[in-house]
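Colleague: I am attaching a structure below and will ask some questions about it afterwards.
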Amino acid sequence: MKVEQIHHVAYRCKDAKQTVEFYKNVLGMDLIGAIAEDKVPSTKEPDPYMHIFLDAGAGNILAFFELPNSPAMGRDPNTPEWTQHIAFTVKDMATLNEAKARAQAAGLDVIGPTNHDIFQSIYFHDPSGHRLEVAAWTATPERLTRLKDVAPAMVDEWSRTKKPPRLAAWVHEKEFSA
């Protein structure tokens, strides 16, 4: 079996309507579906919810659940906030800069563009507190191939040592040597 693509990725939101409006106004995503039930289809547990589906482009769907009877949303306190995020691709740097201007016009605090050598990105938060990243690829096909070629050895070395392997250090070396 080989997976064809992600059907959807689902997160929790504080307010479904606010979430739909945010993703439409800031990221241009259309609402493509909504399901609301009094019980969970898979477990049959009584738990009313609103499940919304947003078009994230190229057949990708971003979904959210509003759960009014559950405790207030939180996040894993043992995981740094910067690691848990949703990242979206845009066509090019001009589009990335447009995304930044759009997010700032919506009153959001935006970090970046941050240069990751193979792509550049900006960061901000949605109304539910999810960290979002918008990225534009800047790498040549050769650099992406180079990164892919060393990935298995890096994972193996990390697994043994739990120390950052240096096989792809070239990705950030310019940033730290400047």
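Colleague: Answer yes if at least one residue in the stretch 105-128 is at positive phi, within 22 Å of the chain's Cα centre (by Cα) and free of Cβ contacts under 8 Å to residues at least 40 places away in the same chain, and no otherwise.
Modeller: Yes, some residue in the stretch 105-128 is at positive phi, within 22 Å of the chain's Cα centre (by Cα) and free of Cβ contacts under 8 Å to residues at least 40 places away in the same chain.
Colleague: Is it fair to say ALA106 is modelled with pLDDT under 95 and touching a Phe, Trp or Tyr at 6+ places or on another chain (Cβ under 9 Å)?
Modeller: Here the answer is no, as ALA106 does not meet what is asked.
Colleague: Report the residue count in the stretch 62-87 for those that are closer than 14 Å to HIS125 by Cβ and among the hydrophobic types (A, V, I, L, M, F, W, C).
Modeller: Final tally of qualifying residues: 4.
Colleague: Can you find, within the stretch 49-85, the residue that is farthest from GLN5 (Cα to Cα) among those that are among the aliphatic types (A, V, I, L, M) and buried (at least 18 other Cβ atoms within 10 Å of the Cβ)?
Modeller: Checked the stretch 49-85; the qualifying residue farthest from GLN5 (Cα to Cα) is MET50.
Colleague: To continue, here is another question. Step by step: first the residues of the stretch 122-149, then only those that are hydrophobic (A, V, I, L, M, F, W, C) and modelled with pLDDT under 95, then the one that is surrounded by the most Cβ atoms within 10 Å (Cβ to Cβ). Which residue is that?
Modeller: If we take residues in the stretch 122-149 being hydrophobic (A, V, I, L, M, F, W, C) and modelled with pLDDT under 95, then LEU147 is surrounded by the most Cβ atoms within 10 Å (Cβ to Cβ).
Colleague: How many of the residues in the stretch 5-38 are over 14 Å from SER70 (Cβ atoms) and among the basic types (Lys, Arg)?
Modeller: The number of residues fulfilling the criteria is 2.
Colleague: Give the stretch 105-131 a look and list any residue that's in contact with a strand residue (DSSP E or B) (Cβ under 7 Å, 6 or more places away or on another chain), part of a loop (DSSP other than H, G, I, E, B) and among the charged types (D, E, K, R), or say none.
Modeller: ASP109, ASP126, listed by residue number.
Colleague: Could you say which residue among PRO77, PRO113, PRO41 is more than 30 Å from HIS172 (Cα to Cα), of a type outside the set (D, E, K, R) and either touching a helix residue (DSSP H, G or I) at 6+ places or on another chain (Cβ under 9 Å) or not assigned by TED's automatic domain parsing to the domain that holds GLU173 (or both)?
Modeller: Testing whether each residue is more than 30 Å from HIS172 (Cα to Cα), of a type outside the set (D, E, K, R) and either touching a helix residue (DSSP H, G or I) at 6+ places or on another chain (Cβ under 9 Å) or not assigned by TED's automatic domain parsing to the domain that holds GLU173 (or both) leaves just PRO41.
Colleague: In the stretch 40-83, which residues are over 18 Å from SER128 (Cα atoms) and basic (Lys, Arg)?
Modeller: LYS44
Colleague: Ok, one more. Pick from the stretch 16-49 the residues that are acidic (Asp, Glu) and more than 18 Å from PHE124 (Cβ to Cβ): which of them is modelled with the highest pLDDT?
Modeller: Residue satisfying both the conditions and the ranking: ASP30.
The values are calculated or read from the model by the stated rules, or taken from the named source; none is laboratory data. All values derive from a computational prediction rather than experimental measurement. So basically every Cβ, Gly included, is an ideal-geometry build from the backbone, and we count neighbours across all protein chains shown.
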